[in-house]
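Have a look at the structure below before the remarks.
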Amino acid sequence: MSSGAVVYVVDDDVGVRKALSFLLVSAGLNVRLYESANSFLREVPDPGRCCIVTDVRMPGIDGLEFIRRLNERGFNVPIIVMTGHADIPLAVEAMKAGAIDFLEKPFREDRFLEVVRFALVCDEKSVRRSQELLKTQARLQSLSQRERQVLDCLVEGKANKAIAHELNISIRTVEIHRSNVMAKMEARSLSELIRMALFVEAVTIN
């Protein structure tokens, strides 16, 4: 878990903000407090590595609308909502909108820290995945049209002979293009090369 990650606590109750801040700081985590969703949206142009803890019921912009606005801004960060027993349906709706978990008040301190740490780990994995995607996409863009055709054929499981026949080129030419593809994609094996191509395809489809 990155030591630079921040836990944003967004709650209109000053007592809750102070209590959660003390708990998080005592656990060695970085904390920033906001009294409303509006103040967070106004003051945080880029949340960076983080997770957000917010009450589901707040004056003005409530937790559900907060999540929607975060999504509109492209803030793909883990969000934890806090809720009272009567607000469980609203918390479930928040999870459908993108929240990673919800905590029913009153909750145990150890349970709260467990959920926060899980959210930060999820964010770290998401960041690494995004970085891997960008690097792989850049490598794919460096391929020539013919090299991309050869790669597509490899992903379909075709052997060099079949690729040569389909593209109307010699097997030797296929081997050269295949070698160039491996080098440009920085793949150490055919399986790794195919995993890269499928990874980009899966993300693009989703």
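Compare LYS161, LYS135 by solvent-accessible area with a 1.4 Å probe and give them largest first, with all protein chains kept in place.
Reading off the accessible areas and sorting them downward yields LYS161, LYS135.
Can you compute the helix-only [θ] at 222 nm over the chain? Use -39500 (n - 2.57) per DSSP H run of at least 4 residues, normalise by all residues, nearest 500 deg cm²/dmol.
Helix-only estimate at 222 nm: -19000 deg cm²/dmol.
Report the one residue of LEU64, MET95, ILE176 whose Cα lies farthest in the direction of the positive end of the charge dipole of the chain (charges on C-beta: Lys and Arg +1, Asp and Glu -1; origin at the Cα centre).
Looking along the dipole axis, the top candidate is ILE176.
Would you mind calculating the gained length between SER144 and LYS184 on full extension (0.36 nm times residue separation, minus the Cα-Cα distance), in nm to one decimal?
My answer for the length gained is 13.4 nm.
In Å², and per residue, what accessible area does segment 12-79 have when probed at 1.4 Å with the other protein chains present?
Counting only protein heavy atoms, the per-residue value for segment 12-79 is 51 Å².
For the cross-link pairs LYS96/LYS184; LYS105/LYS125; LYS161/LYS184; LYS125/LYS158; LYS125/LYS184, which exceed 31 Å when the distance is taken from alpha carbon to alpha carbon?
Among LYS96/LYS184; LYS105/LYS125; LYS161/LYS184; LYS125/LYS158; LYS125/LYS184, the Cα-Cα distance tops 31 Å for LYS96/LYS184; LYS125/LYS158.
If you roll a 1.4 angstrom probe over the protein chains with everything in place, what fraction of the accessible area of segment 1-148 belongs to carbon and sulfur, to the nearest %?
The computed percentage sits at 50.
At a probe size of 1.4 Å, how large is the accessible area of VAL56, to the nearest 10 Å²?
Looks like 0 Å² after rounding.
Could you tell me whether segment 1-117 comes out rounded, prolate or oblate from its Cα gyration tensor? Rule is a ≥ b ≥ c as square roots of the eigenvalues, rounded for a/c under 1.5, then prolate if a/b exceeds b/c, otherwise oblate.
Here segment 1-117 falls in the rounded category.
The values are calculated or read from the model by the stated rules, or taken from the named source; none is laboratory data. Keep in mind it's a predicted model, so treat the numbers as computed, not measured. Note that we place each Cβ from the backbone using ideal geometry, even for glycine, and neighbour counts take in every protein chain shown. The area values use the complete protein model at the heavy-atom level, side chains included, leaving out ligands, DNA and RNA. Shrake-Rupley method; radii C 1.70, N 1.55, O 1.52, S 1.80 Å.
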